[in-house]
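Reviewing the structure listed below.
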Amino acid sequence: MHRIAELLRRLANLIDYAGAPKRTHWSFTWEDGEGVVLRTDGTGCRLFYLGRDEYARAFSEADSR
């Protein structure tokens, strides 16, 4: 399943690089007593971000309530 997800992510980058989510080298975990902890050792959930155009579009199309 991991290989399929990785393949689809790479395919999305080839089709629409500017609009595809980008992966950072950061991840996060939830620690008891600490909350969210950012990590650089690769453990936990990886963080992704959207390109500039998609980020602005997400806010402009969001429900303002």
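Some observations on this one:
- If only residues of the range 1-42 that are small (Gly, Ala, Ser) and in contact with a strand residue (DSSP E or B) (Cβ under 8 Å, 6 or more places away or on another chain) are counted, the one that is nearest to Ala56 (Cα to Cα) is Ser27.
- When Glu54 is tested against (1) modelled with pLDDT of 75 or more; (2) touching a Gly at 6+ places or on another chain (Cβ under 8 Å), just one condition goes unmet, and that condition is (1).
- Summed over the range 35-50, the residues that are in contact (Cβ under 8 Å) with a residue 12 or more places away in the chain and either assigned to a strand (DSSP E or B) or touching a His at 6+ places or on another chain (Cβ under 6 Å) (or both) give a count of 7.
- For the range 20-34, the set of residues classified as within 11 Å of Phe48 (Cβ to Cβ) and outside any loop (DSSP other than H, G, I, E, B) consists of Lys22, Arg23, Thr24, Trp26, Ser27, listed by residue number.
- Count of the range 12-24 residues which are at pLDDT 80 or above and either exposed (fewer than 10 other Cβ atoms within 10 Å of the Cβ) or acidic (Asp, Glu) (or both): 2
The values are calculated or read from the model by the stated rules, or taken from the named source; none is laboratory data. In this text, all values refer to a predicted model and were calculated from it rather than measured experimentally. FYI the Cβ positions are ideal-geometry reconstructions off the backbone, even for glycines, and counts take in every protein chain you see.
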